[in-house]
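Colleague: Sharing a structure with you now.
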There are 2 protein chains.
Amino acid sequence: MKQKPRIGFIGTGVMGTSMAGHLLDADYPVRVFNRTPLKAESLIAKGAVLAESIADLAAESDVVVSIVGFPKDVEEIYLGKAGIIANAPFGAILIDMTTSRPDLAIKIHKDASARKIASLDAPVSGGDIGAREARLSIMVGGEEDVFNQVKPLFAVMGKNIVYQGNPGSGQFTKMCNQIAIASGMLGICEAMAYAEKSGLDPTLVLKSIESGAAGSWSLSNLAPRMLKGDFAPGFFVKHFIKDMGIAAESAGAMNLEIPGLLLAKAQYEKLAEQGGADDGTQALYKLYE
Amino acid sequence: MKQKPRIGFIGTGVMGTSMAGHLLDADYPVRVFNRTPLKAESLIAKGAVLAESIADLAAESDVVVSIVGFPKDVEEIYLGKAGIIANAPFGAILIDMTTSRPDLAIKIHKDASARKIASLDAPVSGGDIGAREARLSIMVGGEEDVFNQVKPLFAVMGKNIVYQGNPGSGQFTKMCNQIAIASGMLGICEAMAYAEKSGLDPTLVLKSIESGAAGSWSLSNLAPRMLKGDFAPGFFVKHFIKDMGIAAESAGAMNLEIPGLLLAKAQYEKLAEQGGADDGTQALYKLYE
C-alpha cells in the first residue's frame, strides 16, 4: 500500500481508543464506530470521523480494525447482514484484534474470502499500558502476504509483532498466553497467601523469589497489588473468564486435557460469583484471604 | 568473626560440592562429610579435610553447613545421638541449607538453643547453575544477629541473600517459591501442549508470549527444553515432589487451601509413577504429549 489506507476502527474502549489514537498520530485517515458514540469523542477531537453505522464504516474503508468485547460481538459485527463482510469493498482487509474464538476467526476468514475480502485475526497482549505506549504484542493469523501488507499498521500500535500462521493462529496463540497466565495466577496467589499465613513479610518474600526460578511478570507486577489490596482492573476478571472459556472449549475440541486451566477458571468463576467480575485479575487473591 | 571460622560441610552432592568449593576458594578451612566419601574427592583435592563422622566434623567446626536430600536426612544428622547438636561446641553456628520442613527447622533451633548453639535455616534457589556461579538466592530464618555474623559466608555462595525472620522463615519462604513454581509449570506445559495440538509452531508462540504478561523464568528456560524433548534434570522431579509434599502439609497445618499446588503435586506424582522421578521438572510436559 503506497498511499495510506483508509482505516475503519470499531470498538473505542480502553484498548481501542489508544490504538486508534496511534493510527491518527501516524496520519492515517480513521473512521470510527462505537456502540456508545460518546466513547469515540476523544478520537473525533483528534481528527477521526464518526461513522453512522458499521455498514457505512465498512463501505468506506480499505482496512477495518476491530477490538470489541466478546465473541458474540465479533460475530455480530462481522457476519451480520448489516455487518462488515457484507458491506466491505472487494479487496478490503479486515483485522479483528479482539481476543475471540479461533473457530470464529476461521469462519470469518472463509466468509470474507468468498467475497474476495482478506482477513486476519490479530489479538494482542500488553493491556491498557501496552496499548497506550504502543508496546503491544500482536499475534497474527491469516495469509502471510496480507500480514506483510498491513505490518506498518501493526507497527504503529505494537512492538512484538509475530505472524503465527493460518487463519485462527493469532487466536490460538493468544489462548496459549492466557493458559500460561491462568495457572500462574493460582501459584502466585497461593504463594502470597502462604507467606501471609506463615507470618512472613510477603514483600521480603518477593525480594527473595522474584529474581529466580519462581520469577514471572505476574509475580513482579500483580503480587505487589494483591498485597496492597489494590484490585483495580488492569485486565477485567470477566474478560479473563471469557478467555478461559474459549481456551477450555477449544482444548476440548482438540481432546487436550488442561486441568490447570480448568481449576483456574473455576476459581475465577467463584470470584465473579462473589462480586469480583469487574475487578482486575489480581483480585483472585481475595479467595485466599 | 575476625578470624576465618572453621567450616564443617555436610552433603557434597551437585549443589554442596559447588558451594563448599566456593568456601575453599575464599580460603575458609573446610572439613567435609558425605555418606558416600567418594563424592567428596574433588573437594579434598582442593584442600578440604575429610571428616570420619558427623560427630567428628561437628566437634571441630565453628560453623556447620549442611545441604542434604530429605527432611529425614536433616533430622538424622542434626538430632541423632551421633549428630551435630549433640557434638558441636557451645557457641557454634549451624546452618541447614537443605529445603526441608519449617517445623523441623524450628525444632532444630530449639534443641540447639538448649545447648547454647545457634542455628539458621537457609534454603536456596537457583539450582546447579546458581550454585556453580555463586548466584544462589539464600532465604534465611533464625536470629538476625546470627545471620549478620555469617553473612560473609553466604555472600561467598550466593547473590540474593535475604533475612526473612524467625526460625523456620527461610523454609517458609522457600515453600512460597515452590508453590509459585508448581502451578506455573502446569500453565507452561498446558500452553505448549495447546500450541502443538492447534498446529502452531511453539517456538514462534514463545516469541509472541514470553516478553509479555505470560512471561516467566520457567517459560523462557524450561519450555524450550520441553519442546526439544530435553528432560535432563536441572532440578529433579523427585525432589520437587518432596518440596510440594512439605508445602501441602504445612499449608494444611495453617488451614490454608492451595488447590493449584495440590493439582501440580498430583500431576508430578503421576509422572513419577510413569518412571519420571529422575527427570528434570520440565518433564511434566510428557503427561500432555
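Colleague: Which lysines have a Cα lying under 16 Å from the Cα of A:K116, excluding residues fewer than 8 positions away in the same chain?
Modeller: List returned: A:K107.
Colleague: Let me ask something else about it. What are the ³J(HN,Hα) values, in whole Hz, obtained from phi via the Karplus relation 6.51 cos²θ - 1.76 cosθ + 1.60 with θ = phi - 60°, for each residue of region B:267-284 in sequence order, with x given for Gly and Pro?
Modeller: 5, 5, 5, 4, 4, 5, 4, 7, x, x, 4, 9, 7, x, 4, 5, 5, 3
Colleague: Expressed as a rounded percentage, what relative contact order does region A:130-185 have, with Cα pairs under 8 Å and six or more residues apart?
Modeller: In percent, rounded to a whole number, it is 41.
Colleague: Quick one: if you stick a label point 7 Å off each Cα along the C-beta vector at B:A232 and A:D230, how many nm between them?
Modeller: 4.3 nm
Colleague: Which value at 222 nm does chain B reach when only helices count, each DSSP H run of 4 or more adding -39,500 (n - 2.57), with the total divided by all residues and rounded to the nearest 500 deg cm²/dmol?
Modeller: Estimated from H runs of four or more residues: -15000 deg cm²/dmol.
Colleague: What is the distance, in nm, between label points placed 7 Å from the Cα along the Cα-to-Cβ direction at A:I129 and at B:D278?
Modeller: 4.5 nm
Colleague: B:V49's amide H: which non-local residues (gap 5+, or another chain) put their own amide H closer than 5 Å, with H modeled 1.01 Å from N in plane and none for Pro or chain starts?
Modeller: B:V30, B:R31, B:V32
Colleague: Which residues' amide hydrogens lie under 5 Å from the amide hydrogen of A:I161, considering only partners 5 or more residues apart or on another chain, with H built in the peptide plane?
Modeller: Close amide H contacts, sequence-distant or interchain: A:I138.
Colleague: Ratio of alpha-carbon Rg to the 2.2 N^0.38 Å globular estimate for region B:7-166, to two decimals, please.
Modeller: Output field value: 0.92.
Colleague: Counting only other chains, what is the mean number of Cβ atoms within 10 angstrom of the Cβ of each residue in peptide B:216-223?
Modeller: Rounded to a whole number, the mean comes out at 4.
Colleague: Taking a label point 7 Å from Cα toward Cβ, how far is B:K207 from its twins in the other copies, in nm, shortest first?
Modeller: Counterpart label points of B:K207 in the remaining copies fall at 4.0 nm.
Colleague: What number, in percent, do you get for the relative contact order of region A:7-166 if the mean sequence gap of Cα pairs under 8 Å and at least 6 apart is divided by its residue count?
Modeller: It comes to 19 percent, rounded to a whole number.
Colleague: Another one. Quick one: which residues, 5+ away or cross-chain, put their amide H under 5 Å from the amide H of A:E143? H built at 1.01 Å from N.
Modeller: A:S119
Colleague: Also, quick follow-up: In chain A, which residue puts its Cβ closest to the axis that turns chain A onto chain B, and how many whole Å away is it?
Modeller: Closest Cβ to the A-to-B rotation axis, residue and whole-Å distance: A:S216, 2.
Colleague: Here's something else I'd like to know. I need the inter-copy label distances for B:R35: point set 7 Å along Cα to C-beta, values in nm with one decimal, smallest first.
Modeller: Reported distances to equivalent positions: 6.4 nm.
Colleague: Using protein heavy atoms only (no ligands, DNA or RNA), what is the total accessible area buried between B and A, 1.4 Å probe, nearest 100 Å²? Walk me through the numbers before you get to the answer.
Modeller: On the way: alone 13660 and 13640 Å², together 22780 Å².
Heavy-atom accessible area buried at this interface is about 4500 Å².
Colleague: Relative contact order, percent, of chain B when contacts are C-alpha pairs under 8 Å separated by at least 6 residues?
Modeller: Normalised by residue count, the contact order of chain B is 13 percent.
Colleague: Residue by residue through region B:50-60, what is 3J(HN,Hα) from phi via Karplus (6.51 cos²θ - 1.76 cosθ + 1.60, θ = phi - 60°)? Round to whole Hz and write x for glycine and proline.
Modeller: Computed from phi, the couplings for region B:50-60 are 7, 7, 6, 7, 5, 4, 4, 4, 4, 5, 9 Hz.
Colleague: Starting from the 7 Å offset along Cα-to-Cβ, what nm value, one decimal, do you get for the label separation of B:A26 and B:L50?
Modeller: The modelled label-to-label distance comes out at 2.7 nm.
Colleague: Please compare each pair in A:K72/B:K265; A:K46/A:K159; B:K110/B:K174; B:K39/B:K81 to a cut-off of 31 Å on the Cα-Cα distance and tell me which ones are over it.
Modeller: A:K72/B:K265
Colleague: Right, another one. Could you derive backbone 3J(HN,Hα) for region A:147-162 from the dihedral phi with the Karplus parameters 6.51, -1.76 and 1.60 (θ = phi - 60°), listing whole Hz in sequence and x where the residue is Gly or Pro?
Modeller: 3, 4, 5, 9, 4, x, 5, 4, 5, 6, 9, x, 10, 9, 10, 10
Colleague: What are the nm distances, shortest first, from A:N221 to its equivalents in the other copies, labels at 7 Å along Cα→Cβ?
Modeller: A:N221 label point versus its equivalents elsewhere: 2.1 nm.
The values are calculated or read from the model by the stated rules, or taken from the named source; none is laboratory data. What you are looking at is a predicted structure, and each value in this text was computed from that prediction instead of being measured. Methodologically, a virtual Cβ is constructed for each residue, glycine included, from the backbone with ideal geometry; neighbour enumeration extends over all protein chains shown. SASA here: full protein model, heavy atoms, side chains in, ligands and nucleic acids out. Shrake-Rupley method; radii C 1.70, N 1.55, O 1.52, S 1.80 Å.
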